[in-house]
Amino acid sequence: MLNCCVETKTKRENALLSSSTDDLLTDDSEDDEEEFFDCEAEAEEFMAAGDVPHRRRPKHSLWNKPVGRYKRCENLRLLQTGEYLYIPVTQDPTPKTEDQLEEDERVMLQLGTDAQGMELRTRMMSASLLSDMESFKAANPGAELEDFIRWYSPRDWVEEEEVDEFNQKKGHLSPRMQLPGNMWVEVWTAAKPVPARRQKRLFDDTREAEKVLHYLEAKQPREVALMLVSTLTHASVATLAHHAAPIEVPGLEPAVRHIAGKAELLSRAPISDMRRYEELAMELAWAECVVAQVASLEHKLCPGAGQTQEMRKFLAALVTQPEALVPGGPRGDIASRIRAMFSEAHKASQMISDNDPSSHITTEPWSPISSSVFPPASEREFILRVLAPRPAPTSLITPHRLSVRLRKDEIIMAGCFSQDTTFQ
């Protein structure tokens with residue numbers, strides 16, 4: 001609501017700066033409307049052209065000129081004067097928040113169904129109707145209630161088969177509009193020809209903004225945070241979707257769609273169960289972590305060189321799998337970038353400058369010196385393979401394999417042995 005107030009105020013101020021003539025519609029047929037047809041020959045020629053003769057009428061007075069026209073309403077003409085009917089520039093409908101709509105509904109129910117309550121209810125609902133009628137009268141001088149009904153509520157205008165002198169079908173108001181004490185008749189009688197820009201504002205943005213600020217001042221920080229949960233969640237999901245779009249990681253795109261759908265459902269539900277928002281926050285954190293890891297690896301492994309399909313698959317494997325094979329082995333292009341990355345990290349941790357001779361020493365990944373560049377290994381694995389006769393020295397030579405994993409606090413060994421079953 002506060003943003004809507006700011007936008008409405010800015011729009012109104014820009015409209016005031018513009019010339020009042022911008023609201024008038026200049027139509028090519030204005031000159032044609034001012035022509036008078038006094039002789040029958042001219043009238044017959046005009047009828048042959050497919051139009052109707054106008055009733056002789058004076059020009060608009062200085063105090064009764066049309067103001068606030070938006071555009072012509074097709075080929076409709078005013079019933080009394082025969083001038084074209086113009087759609088007026090009207091005020092925008094009053095925006096309301098959900099709590100304001102609920103409050104209005106509660107007030108309407110409290111008024112009851114008696115005569116006094118119905119009268120108060122009618123007055124509350126007639127403010128927008130009065131504004132539209134005043135704009136219509138200003139844009140169409142000489143208009144009647146029937147003209148307004150034809151534009152505003154066409155279902156309440158019952159057309160007949162006969163045609164009037166302006167070559168348009170005659171008609172009459174619906175039974176609903178002919179009831180005694182009809183609100184539309186009373187409002188039309190009270191309405192004056194005033195364009196929308198000179199009317200009293202239906203939506204007072206200044207007052208509504210002050211009400212919003214006062215409402216926020218009376219709230220505790222916890223209550224304000226609860227009101228912002230839905231908006232912040234939407235902003236988080238939009239930011240995540242924007243950054244995750246170019247990333248090709250298996251499972252990331254379906255996860256983002258699931259998070260967006262869940263956030264949409266929560267935004268429509270009342271904020272009563274924060275546990276569901278906590279679950280959504282955990283899913284957001286996981287997806288954000290994946291996006292941040294990929295962005296970090298892209299920055300470190302391919303600065304300015306762009307990504308190949310092989311590099312994209314490698315990055316996806318790094319963030320989704322426990323282990324990833326380096327394409328090209330230890331001497332490939334990706335392996336050299338990884339060594340350069342760890343080398344830069346080693347220099348930064350040891351505070352070694354580029355001018356230091358030791359910083360230019362190149363090592364192979366299998367040399368002992370490279371252990372100072374790479375971080376300490378958390379686990380080592382050794383695989384021993386051998387061909388030997390078993391179970392007897394005269395048996396056939398069979399393959400054997402022994403796998404050993406060394407960790408800080410344990411050793412894991414797994415053996416796979418074969419034996420000759422023919423010549424034991």
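The values are calculated or read from the model by the stated rules, or taken from the named source; none is laboratory data. These numbers were taken from a predicted model, which means no experiment stands behind them. FYI the Cβ positions are ideal-geometry reconstructions off the backbone, even for glycines, and counts take in every protein chain you see. Note: areas computed on protein heavy atoms with side chains; ligands, DNA, RNA excluded. Shrake-Rupley method; radii C 1.70, N 1.55, O 1.52, S 1.80 Å.
Mind checking which residues of the stretch 373-420 are hydroxyl-bearing (Ser, Thr, Tyr) and either open to solvent by 80 Å² or more (accessible area, probe 1.4 Å) or not in a loop (DSSP other than H, G, I, E, B) (or both)? Break it down into steps so the answer makes sense when it comes.
Start the filter on the stretch 373-420 by keeping residues that are hydroxyl-bearing (Ser, Thr, Tyr), which leaves 378, 394-395, 398, 403, 418.
Result: Ser378, Thr394, Thr398, Ser403.
Of all residues in the stretch 268-286, how many are under 30 Å from Thr320 (Cβ atoms) and in contact with a helix residue (DSSP H, G or I) (Cβ under 7 Å, 6 or more places away or on another chain)? I'd like the intermediate steps shown before the answer.
If we filter the stretch 268-286 for residues that are under 30 Å from Thr320 (Cβ atoms), which is where we start, we get 275-286.
With the extra rule that they be in contact with a helix residue (DSSP H, G or I) (Cβ under 7 Å, 6 or more places away or on another chain), the set shrinks to 276-277, 280, 283-284.
Here the count works out to 5.
What is the one condition in (1) over 30 Å from Asn140 (Cα atoms); (2) at pLDDT 85 or above; (3) of a type in the set (D, E, K, R); (4) out of contact with any Asp or Glu (no Cβ under 8 Å at 6 or more places or on another chain) that Asp205 does not satisfy?
Every listed condition holds for Asp205 apart from (1).
Of all residues in the stretch 68-101, which are β-branched (Val, Ile, Thr) and either over 17 Å from Lys137 (Cα atoms) or at pLDDT 85 or above (or both)? Walk me through it before giving the result.
Of the residues in the stretch 68-101, the ones β-branched (Val, Ile, Thr) are 81, 87, 89-90, 94, 97.
Answer for the stretch 68-101, where residues must be β-branched (Val, Ile, Thr) and either over 17 Å from Lys137 (Cα atoms) or at pLDDT 85 or above (or both): Ile87, Val89, Thr90, Thr94, Thr97.
In a helix (DSSP H, G or I) and in contact (Cβ under 8 Å) with a residue 24 or more places away in the chain: which single residue out of Ala209, Ala235, Ala225, Ala241 fits that description?
Details: Ala235 fails: in contact (Cβ under 8 Å) with a residue 24 or more places away in the chain; Ala225 fails: in contact (Cβ under 8 Å) with a residue 24 or more places away in the chain; Ala241 fails: in contact (Cβ under 8 Å) with a residue 24 or more places away in the chain.
Going through Ala209, Ala235, Ala225, Ala241 in turn, just one is in a helix (DSSP H, G or I) and in contact (Cβ under 8 Å) with a residue 24 or more places away in the chain: Ala209.
I need the full set of residues from the stretch 128-139 which are touching a residue at least 60 places away in the same chain (Cβ under 8 Å) and open to solvent by less than 50 Å² (accessible area, probe 1.4 Å), in order please. Walk me through it before giving the result.
So the first thing to find is which residues in the stretch 128-139 are touching a residue at least 60 places away in the same chain (Cβ under 8 Å), and the list is 128, 130-131, 134-135, 138-139.
Those that are touching a residue at least 60 places away in the same chain (Cβ under 8 Å) and open to solvent by less than 50 Å² (accessible area, probe 1.4 Å): Ser131, Glu134, Ser135, Ala138, Ala139.
Residue by residue through the stretch 293-349, note down the ones that are of a type in the set (Val, Ile, Thr) and part of a helix (DSSP H, G or I).
Keep residues of the stretch 293-349 that are of a type in the set (Val, Ile, Thr), which gives 294, 308, 319-320, 326, 334, 338.
Result: Val294, Val319, Thr320, Ile334, Ile338.
Considering only residues of the stretch 71-99 that are touching a residue at least 60 places away in the same chain (Cβ under 8 Å), under 33 Å from the mean Cα position of the chain (by Cα) and surrounded by fewer than 16 Cβ atoms within 10 Å (Cβ to Cβ), which is farthest from Ala191 (Cα to Cα)?
Across the stretch 71-99, the extreme among qualifying residues is Thr97.
Within the stretch 48-57, is even one residue in a helix (DSSP H, G or I) and either of a type in the set (Gly, Ala, Ser) or modelled with pLDDT under 70 (or both)? Even if it seems obvious, please write down each step before you answer.
Pass one, the stretch 48-57, residues in a helix (DSSP H, G or I): 48.
Filter once more, so that each one left must be either of a type in the set (Gly, Ala, Ser) or modelled with pLDDT under 70 (or both): 48.
Yes: the stretch 48-57 contains one or more residues that are in a helix (DSSP H, G or I) and either of a type in the set (Gly, Ala, Ser) or modelled with pLDDT under 70 (or both).
Do we have Ala340 as free of Cβ contacts under 8 Å to residues at least 24 places away in the same chain, open to solvent by 30 Å² or more (accessible area, probe 1.4 Å) and aliphatic (A, V, I, L, M) here?
Numbers: free of Cβ contacts under 8 Å to residues at least 24 places away in the same chain: yes; open to solvent by 30 Å² or more (accessible area, probe 1.4 Å): yes; aliphatic (A, V, I, L, M): yes.
Yes, satisfied.
Here's a check for you: in the stretch 162-179, which residue that is among the charged types (D, E, K, R) and either surrounded by 14 or more Cβ atoms within 10 Å (Cβ to Cβ) or in contact with a strand residue (DSSP E or B) (Cβ under 7 Å, 6 or more places away or on another chain) (or both) is farthest from Asn75 (Cα to Cα)? I'd like the intermediate steps shown before the answer.
We begin by selecting, within the stretch 162-179, every residue among the charged types (D, E, K, R); these are 162, 164-165, 169-170, 176.
Next cut, either surrounded by 14 or more Cβ atoms within 10 Å (Cβ to Cβ) or in contact with a strand residue (DSSP E or B) (Cβ under 7 Å, 6 or more places away or on another chain) (or both) only: 162, 164, 169-170.
Numbers: Glu162: 17, Asp164: 14, Lys169: 12, Lys170: 14 Å.
My answer is Glu162.
Answer yes if at least one residue in the stretch 140-156 is at pLDDT 85 or above, exposed (fewer than 13 other Cβ atoms within 10 Å of the Cβ) and of a type outside the set (Gly, Ala, Ser), and no otherwise.
Checking the stretch 140-156: at least one residue is at pLDDT 85 or above, exposed (fewer than 13 other Cβ atoms within 10 Å of the Cβ) and of a type outside the set (Gly, Ala, Ser).
How many residues are at pLDDT 90 or above and charged (D, E, K, R) if we restrict to the stretch 226-261?
Residues that pass the stated criteria total 1.
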